[in-house]
Amino acid sequence: MSESHIPQYDIEVISGRLSLRKPQREALERLDNILSYIKLEKPDSTGLLSAKEDKATEVHGLYPIFTDFERDFLSLSFALATGVGKTRLMGAFITYLYTKYGLKDYFVVAPNITIYDKLRQDLGNPDSEKYVFRGLGCFNSPPVIYTQDDYWQRRLQDADVRIFVYNIDKFNSEDARMRSTNEILGTSFIEWLGNLPGLVLIMDESHHYRAEKSAESLSLLRPVLGLELTATPFVTKGNKQIPFKNVVYEYPLSAAIADGYTRTPYALTRQNLGNFSFGEKQLDYLMLEDGLLWHEHIKKVLAGYAETHNKRLVKPFVLVVCKDTNHAEDILKYVKSKDFFGGQYKDKTIKIDSKQSKAQREANVKLLLDVEKADNLIEIVIHVNVLKEGWDVNNLYTIIPLRTASSRILREQLVGRGLRLPYGERTGEKEVDAVTLTAHDKFDEIIAEAQKGDSIFNVGNVIKVEEISKEKIIVTQPRLAFEKEEDKAAKEDCKKLGIEITDKHVSTIKNVKYVIKSKTISATEAGAEYKTNQEIVQESLSELKRDENFAGTYESNQDIFERYFVEQTKVIREQVEDNYIPIPLIGISEIESPEFGFADFSLELTEFKQQPADTKAYAQSLQDARDILEFSGHARFEPMEEPKRLIVRLLRQKPQIDYAKCGGLLWKLVGALFEHYENNYGESGAKNIFLLYQKEISNSIYGQMMKHMTKKDGLYEERVFEERGSNYQQQYRYQEKVDLYDSYTANIRNVLFTGLEKGVFYQAKFDSVPELKFARIIDRRESAVIKWLRPSVQEFSLKYEYDGEYHDYIPDFVVETEDMRYLVEVKGMDKLKDPQVLAKKTRGESYCKIVTDWAVEAGSKPWKYLFIPENAVQGNVTFDFLVANYG
């Protein structure tokens, strides 16, 4: 089926171009392996497929979980957990089958209108953010999409790839129309599809297509191959769940969570709940209130993460699942009442009524997709049944099942709605990467499941309501000079501006500086999009004009204030940027490129079985196809170009072939093959074969060459590629806030220390008492330190290797003096010889050497690594003393 012009993409290329995740690649590899053993064939016009049982035996031998195709055609199921990326896998399947087997036509079935709309965009709209074919060079033009809405009125043009997308209900309901003759096609659409020689059927959420009517309709398509994708590979009959027999690959939810492709599920509970007797309604209200308490906490966490990492704001919402419509109506009334958080969710709650028709429910689910948008007011969705497939929102953070999470399967289905990662990958922030199930009444069951080892919940993933209210959240703020005596500075500015010194005007000036500072930090901190001073002025003015107090003062002093804004933006920006510690960033630089070549070898000639073709010439009547005139003798049918040169020329066009390096091998291989044919069929026969089968021969030779390809690794080194002049703000969670030198009562990890004199930021947290003591040493006014920083995980983007894996390296401190910058580690006495700590030390030392070598030429400060044992950090020592003894 393959066509010579189609690029041959192997699994490696497809995986790289489409950035396939591990399970997606493994699924593609299984398909590749299966198709190397069984031949793709169409069922005949009666629907029968030859040797189907033999093919099933072959697949079962490869993957014993498979026992039967379960359909009239070859059909393979791939069971992948929600959130892993089934649509991208579809794109990989299509790319693979097109490039390897030349298959051009694909019929994709969706279970409902929501997924149908999603597939149309992801498979057919190159402008879509989730377009699956982006980055591929195997198509001369993008795949052409035909849908259930336009197939009957569009001309079905030839294209590299044609994809037909259908909702199964529409497919079933349009039976009469699809069977009737189509004027454009000259036959019925069903018959036209069924006659396509290489149609592939792709079934999304394929557990929906096991009913008799759907199965019969799909069989009419007579595909050469069916590919089924689902997260639930079983059908329900009565009280039984019957597993699919045609599954060839499984990747369960527990594996997806463990591998980091989804968010991590947590169970929210309240301590000692079993000691009290609650009625159903009282328990409902308690779970709602605790769930919303957690929701408000998560809102703060997500807002802080977005601000500190310059990411888009994710607005979380809560899903409340009720047992029936009457229950849902009661819950809706309570949530909207003043008894529930003072009525603050009255206009932020919607209910999806399961009594609605299927079309109405699907319309409501489409409306729910807007819940992802940050400006959408909805924070609570009340529903009776678990929202089905196609509701791919990524901002569901809290699930409250009221009298509904009665089994493990139901709990996993519930949690599955909230597993998608809002930023596409895990962030490393535990709560940003979590989804929480309020589980007061089923908590013991969930913990028992977790202890068995195969649950989606981990024993340690428990959140106690009592601890939520104790924790506060703050985003670190740069330490700026003008904030030391704000009131005094504001009064002086009033004098300069020529406006009366009143409480209102002083407050206005302070607010102006606060807004300019906020906008300046957003524009200058690490990772932010650069903005000019004028842009900061305009943004600040736009925000402040919404304040009535400022607007009145501004209108009567417009010219003065505009000059003041320009002046203050310049001053504050200089203070902000001067406050940061510049961080040199290092990366891998290629010194010498890797080289590819081919080891010398001899062709395996048994692969080449072509024979010369009989080349009699004839003429055929244009009026009567049966009227044929045959010429006597044979036409000369040999290449005009020297035959061996013809094949070498084709090989030179192949990837990885460098003629300057392997030209001798090419001529050797082609010459040996020509001699092989010449010995069997004479010189004329050999020339005949080289002409007729030139592309097939060159592809076979190239295939054998690739098995003998060699690679010489390139040479690389780490170099500084940029010195970033700003630092990352951090989001801190704390239970107690004290001055840097004050005493505290909480665990030190839960304490926020403020009032820093020399810190890049006003606030800092510490993991140990020795770290706190060290901070007090370097923050003293008499210290030689100019400024210091507790770096975030993003600050250096450094990795160190330990126990065969790479880990993020985050130094304890960055310290700057007049002539030097330091990476500082403060370690306990029991950790000084710990292998992992020593691996970090080695990495820190290598970083300082690399950036110091660069700094000599760049005119920047050199760097030194300090490894300080905790017993050296005493209140009466100086930073200079520590440098002299441990630098």
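The values are calculated or read from the model by the stated rules, or taken from the named source; none is laboratory data. For clarity, every value in this text was computed on a predicted model and none was experimentally measured. As a convention, Cβ positions derive from the backbone with ideal geometry for all residues, glycine included, and neighbour counts pool all protein chains shown. Only protein heavy atoms, including side chains, enter the accessible area calculation; ligands, DNA and RNA are left aside. Shrake-Rupley method; radii C 1.70, N 1.55, O 1.52, S 1.80 Å.
So that you can scan it fast, the table gives a plain yes or no per residue for (1) among the charged types (D, E, K, R); (2) over 23 Å from the mean Cα position of the chain (by Cα); (3) at pLDDT 85 or above:
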| site | (1), (2), (3) |
| --- | --- |
| Gly274 | no, yes, no |
| Glu280 | yes, yes, no |
| Leu292 | no, yes, yes |
| Gly304 | no, no, yes |
| His309 | no, no, no |
| Arg312 | yes, no, yes |
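Within region 720-746, the set of residues being surrounded by 14 or more Cβ atoms within 10 Å (Cβ to Cβ), farther than 20 Å from Leu789 by Cα and at pLDDT 90 or above comprises Val720, Glu736, Tyr744.
Whenever a residue of region 318-330 is in a loop (DSSP other than H, G, I, E, B), its partners that are open to solvent by 60 Å² or more (accessible area, probe 1.4 Å) and not aliphatic (A, V, I, L, M), lying with C-beta atoms within less than 7 angstrom and at least six residues away or across chains, give the pairs Lys323/Arg403.
If the condition is being aliphatic (A, V, I, L, M) and under 13 Å from Phe608 (Cβ atoms), then region 679-691 contributes Ala686, Ile689. Of the strands (runs of 3 or more DSSP E) lying entirely inside region 199-311, those carrying at least 2 residues that are surrounded by 15 or more Cβ atoms within 10 Å (Cβ to Cβ) and either hydroxyl-bearing (Ser, Thr, Tyr) or on the phi > 0 side of the Ramachandran plot (or both) are 247-251, 264-269. For region 518-575, a residue qualifies if it is surrounded by fewer than 17 Cβ atoms within 10 Å (Cβ to Cβ) and acidic (Asp, Glu), and the qualifying residues are Glu529, Glu535, Glu543, Asp547, Glu548, Glu555, Asp559, Glu562, Glu567, Glu574. Note on region 747-761: residues that are of a type outside the set (Asp, Glu) and open to solvent by 30 Å² or more (accessible area, probe 1.4 Å) amount to 5.
The criterion of at least 1 residues that are modelled with pLDDT of 90 or more and open to solvent by 40 Å² or more (accessible area, probe 1.4 Å) is met, among helices (runs of 4 or more DSSP H) falling completely within region 1-117, by 22-35, 52-62, 86-101. Under the condition of being basic (Lys, Arg) and over 41 Å from the mean Cα position of the chain (by Cα), which residue from region 774-789 is surrounded by the fewest Cβ atoms within 10 Å (Cβ to Cβ)? Per the criteria, the residue is Arg781. Would you point out which residue out of Val877, Val837, Val873 is farther than 17 Å from Glu718 by Cα and in contact with a Pro (Cβ under 6 Å, 6 or more places away or on another chain)? Every option except Val873 fails the conditions. Among all residues of region 58-68, there is none that is of a type in the set (Ser, Thr, Tyr), free of Cβ contacts under 8 Å to residues at least 40 places away in the same chain and out of contact with any strand residue (DSSP E or B) (no Cβ under 6 Å at 6 or more places or on another chain).
Residues of region 794-818 that are over 27 Å from the mean Cα position of the chain (by Cα), assigned to a loop (DSSP other than H, G, I, E, B) and surrounded by 12 or more Cβ atoms within 10 Å (Cβ to Cβ): Pro811, Asp812, Thr817.
One line per residue, one yes/no per condition, for (1) part of a helix (DSSP H, G or I); (2) over 25 Å from Glu525 (Cβ atoms):
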residue: Lys841; (1), (2): yes, yes
residue: Gly844; (1), (2): yes, no
residue: Tyr847; (1), (2): yes, no
residue: Ser860; (1), (2): no, no
residue: Phe867; (1), (2): no, yes
